[in-house]
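Novice: The structure that follows is given in the form of C-alpha cells.
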Amino acid sequence: QAQLVESGGGSVQAGGSLRLSCAPSGRTFSDYTMGWFRLAPGKERELLAAIDESGSKTFYARSVQGRFTITRDNAKNTMDLQMNSLKPEDTAVYYCAASASWGTHRSLYNYWGQGTQVTVSS
C-alpha cells in the first residue's frame with residue numbers, strides 16, 4: 001500500500017510544463033523532508049528535488065535545476081513539483097517520498113507513492 005499518492009502526470013510536448021502533486025495516504029507529513037524521484041527505463045532511481053519540513057531548504061539535481069521547482073503546503077499537507085521546459089529525457093515514472101530527516105540519500109526516504117508517468121514528446 002502506497003503511503004503517498006502522486007497526481008498530475010501525463011503527456012506533454014517538449015518545452016511544455018506539468019505540475020505534479022503529492023498527498024498523504026492516511027497520515028500527515030508536515031514534520032518530514034519531502035522529495036521527488038524519477039525512474040526511467042534502464043536508469044537508476046534519481047532524486048530530483050527535496051524540501052525540508054519548513055520549506056526553507058531545498059535541493060535540486062543538476063539535471064532539473066532551473067527548470068523544476070519543489071514546493072510544499074504544510075497546511076494542506078501537500079507537496080508539488082512544477083516542471084517547466086520539459087525535455088524528452090524527462091520521460092520517466094515520478095515518485096514522491098518522505099524522510100524523517102533532511103538528506104539526499106535514497107535510503108533515508110521511508111515513505112513512497114506509487115508513481116505517476118510523465119511522457120515528454122519531441
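The values are calculated or read from the model by the stated rules, or taken from the named source; none is laboratory data. This one's a predicted model, so the numbers in the text were calculated from it and none came from an experiment. Here the Cβ is made from the backbone with ideal geometry for all residues, glycine too, and neighbour counts use every protein chain on show. Just so you know, the surface numbers come from the protein's heavy atoms only, side chains and all, with ligands and any DNA or RNA stripped out. Shrake-Rupley method; radii C 1.70, N 1.55, O 1.52, S 1.80 Å.
Novice: I need every pair where a residue in segment 60-77 that is farther than 15 Å from Thr104 by Cα has its Cβ under 7 Å from the Cβ of a residue that is open to solvent by 50 Å² or more (accessible area, probe 1.4 Å) and not hydroxyl-bearing (Ser, Thr, Tyr), sequence separation at least 6 or different chains.
Specialist: Matching pairs, first to second residue: Arg67/Asn84.
Novice: What pairs can you find where one residue is in segment 3-17 and farther than 19 Å from Ser121 by Cα, the other is β-branched (Val, Ile, Thr) and part of a strand (DSSP E or B), and their Cβ atoms are less than 6 Å apart, with a gap of 6+ or different chains?
Specialist: Glu6/Thr116
Novice: For segment 1-25, name all the residues that are within 17 Å of Lys76 (Cβ to Cβ), outside any loop (DSSP other than H, G, I, E, B) and open to solvent by 30 Å² or more (accessible area, probe 1.4 Å).
Specialist: Val5, Ser7, Arg19, Ser21, Ala23, Pro24
Novice: Still on this structure, I have one more. Determine if segment 95-102 includes at least one residue that is under 14 Å from the mean Cα position of the chain (by Cα) and surrounded by fewer than 18 Cβ atoms within 10 Å (Cβ to Cβ). Spell out how you get there, then give the answer.
Specialist: If we filter segment 95-102 for residues that are under 14 Å from the mean Cα position of the chain (by Cα), which is where we start, we get 95-99.
Still in the running and surrounded by fewer than 18 Cβ atoms within 10 Å (Cβ to Cβ): none.
The answer is no, given that none of the residues of segment 95-102 is under 14 Å from the mean Cα position of the chain (by Cα) and surrounded by fewer than 18 Cβ atoms within 10 Å (Cβ to Cβ).
Novice: Let me ask something additional. Given the conditions (1) β-branched (Val, Ile, Thr); (2) over 20 Å from Ser101 (Cβ atoms); (3) open to solvent by 40 Å² or more (accessible area, probe 1.4 Å), which single one is not true for Thr28?
Specialist: The single condition Thr28 does not satisfy is (2).
Novice: Looking only at segment 34-59, count how many residues are over 16 Å from Ala92 (Cβ atoms), aromatic (Phe, Trp, Tyr) and crowded, with 18+ Cβ neighbours inside 10 Å.
Specialist: The total comes to 0.
Novice: Scan segment 92-119 for residues that are farther than 18 Å from Arg62 by Cα and assigned to a helix (DSSP H, G or I) and report the count.
Specialist: 2
Novice: Out of the residues in segment 60-75 meeting the condition of being part of a loop (DSSP other than H, G, I, E, B) and modelled with pLDDT under 95, tell me which one is least open to solvent (accessible area, probe 1.4 Å).
Specialist: Once the filter is applied, the top-ranked residue is Asn74.
Novice: Among the residues of segment 76-88, is there at least one that is open to solvent by 50 Å² or more (accessible area, probe 1.4 Å), under 19 Å from Ser30 (Cα atoms), out of contact with any helix residue (DSSP H, G or I) (no Cβ under 6 Å at 6 or more places or on another chain) and at pLDDT below 95?
Specialist: Yes.
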